[in-house]
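Below: one structure, written as C-alpha cells.
Derivation of every value follows stated rules applied to the coordinates shown; laboratory data play no part. Since the structure is predicted, the reported quantities are computational estimates derived from the model, not experimental observations. For neighbour counting, all protein chains shown are included, and Cβ atoms are generated from backbone atoms with ideal geometry for every residue, glycine included.
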Amino acid sequence: MSRTMSSGNGGNGGAGRNGGRGEGAPGARPTVLLTGASGVVGRSLLREQDGPRFVVATHSTPVPEAGDARSVRLDMTAERFGLEEDAYAALAAEVDVVIHSAGLTEWGLPAGDYRRINVEGTRRVAEFAERADATVHFISTAFVAALADTAPVPLGPDNVCRNYISSKREAEHVLRDSGVPHTVFRPTNLIGDSTTGWTSQGQIVQLMSDWLGRGRAPFLPAHPGIRMDFVSQDLLSRAVLGAVERGDDGGEFWVTYGPEAMDVEDCLRVLVKHAAGRGRTLTPPPVVNADELAADAIANASPRARSYLSVLRDVSEVTRCSGGVLPTSMPELRERYGVPRIDDTAAYLASLEYAADHLG
C-alpha cells in the first residue's frame, strides 16, 4: 500500500460542484452540514476559528461548541433523515458541503450494530449529497489499512477492532459507488488538542495510558517494530476544514504520522515523564512480543488487566497488519492544507495531562 495517496479529483484545487452556491465563490463561506456534531471529531471541528457556516445535525445531545450555528434534529438512518419532504428539500437547497463524522466508534460490538449507522447512515448521507449537489468529506479510520489486499498478514477474525473497521471500509465503498464527489480522511487513534490537551470526552488512548501510567500493566503486548501513532484532534480538524475551504471534491488522506510516529519506547518515556509530573515513579512494564505470548499470559490476569491487555494486543495486531507503520499523507496535508508540524510526543503528553486534570 502506498504511503501517501494523491488528492484525486481535488488535486487541481478547483471548486466542487457547488461553486455557484458559495463553496467556490470568491470570499464566500460554504454552508456545511456537520453530522456527528456532538462527538469528539464534531466538537473539535466546531472549535476551529474562522470556519464555514455550520448547520449542526443532532439527534438528542446538545453541542456546547455549536454557538450560533443552526441545529437540526436528524435521524441519520432514516429516509430523508426522518424529515418531511419540504424540510428535506429546504435543507438540501441550503447545504453546499457535508462533513460526515457521525458513526459508532466503540470497538468489540457485533457486526450488525455498526451497519445501521456506519454503513446505512453513510448511504443516507450519499443520497442527501446527491439531492443537494454537495461534496461529502467522510471521516473513516486509518485502520482500514489492516484489511487491504496488500496487508502483510491477515487480521484475525476475532480482533476487537475488526467489525468496526469492516463497517468503515464498507461505508467508503458506499460513497465510492454512489458517484457523489467526496473525500475520505482516515485518522489514526485521536488524542486531545495538540496544545491544551482538551477533548470533549475520554478516548481509548487516554484510558489505556492512564492504566499503563499507574503501573498496573504486568507487561505490554506489542509486535516488533510497530509505531504508536496518535494524532491530535485539531490536526484532523484543520485538514478537513482545509479541504472545505479549497473546495476539494476528491481524495483519500491518511491522517497519521506514519514513519514519524513515536515507537513503543518513546511512548513509555512519555508515560514515565507524565507520572513524574504527578509525583509518581513509574517503572515501565516489559514489552512482550504479542506473537510470543504464553497461551495463558492474558487469561490469568485480573479481569480489568485481561480486558486491557487484550485490546492492546489487538490494536498492535491492527498496526502489524497495516505494515507496522501506518500509511500516511502527512507531507501532503502540510503542503496542501497548511496543517502545522506538531510533535506527537508533546501532544500526547498534553493529552495525558488534560485527561488527568479533567476526565477523572
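Fully extending the segment from E79 to E292 would add 71.7 nm, taking 0.36 nm per residue of separation and subtracting the current Cα-Cα distance.
Normalised by the number of residues in the chain, the mean separation of alpha-carbon contacts (under 8 Å, six or more apart) gives a relative contact order of 23 percent.
With respect to the chain, whose longest principal axis is taken over its alpha-carbon atoms, helix 204-213 is tilted by about 20°. For region 103-130 versus region 189-211, the spacing of their alpha-carbon centroids is 24 Å.
Exposure proxy ranking for H182, H59, H274, H137, based on other Cβ atoms within 10 angstrom of each Cβ and starting from the fewest, stands as H59, H274, H137, H182. Residue order for D248, D86, fewest other beta carbons within 10 angstrom first, comes to D86, D248.
Once the Cα atoms are used to define both axes, helix 344-358 deviates from the longest principal axis of the chain by about 90 degrees.
Can you work out the FRET efficiency for the pair T196 and L359, with r the C-beta to C-beta distance and R0 = 22 Å, to the nearest 0.05? Don't jump to the answer; show the numbers that get you there.
Details: r = 13 Å, r/R0 = 0.60.
About 0.95, to the nearest 0.05.
Calculate for the chain the 222 nm mean residue ellipticity that helices alone would give, adding -39,500 (n - 2.57) per DSSP H run of length 4 or more and normalising by residue count, nearest 500 deg cm²/dmol. Please report the intermediate quantities before stating the final value.
Values: 11 runs with 132 residues, N = 360.
Mean residue ellipticity at 222 nm (helix-derived): -11500 deg cm²/dmol.
In region 294-341, a dipole from Cβ-located charges (positive for Lys and Arg, negative for Asp and Glu) runs towards its positive end, and of T319, G338, A305 it is G338 whose Cα lies farthest in that direction. Here is the list for region 58-144: GluC sites (Glu not before Pro) lying in DSSP coil, each with at most 12 other C-beta atoms within 10 angstrom of its C-beta, are E84, E106. For region 208-229, the residues whose backbone nitrogen is under 20 Å from a point 7 Å from the Cα of K273, taken along Cα to Cβ, are 208-215, 227-229.
Contact order, relative form, for region 133-268: 31 percent (alpha carbon pairs under 8 Å, 6 or more residues apart, mean separation divided by residue count).
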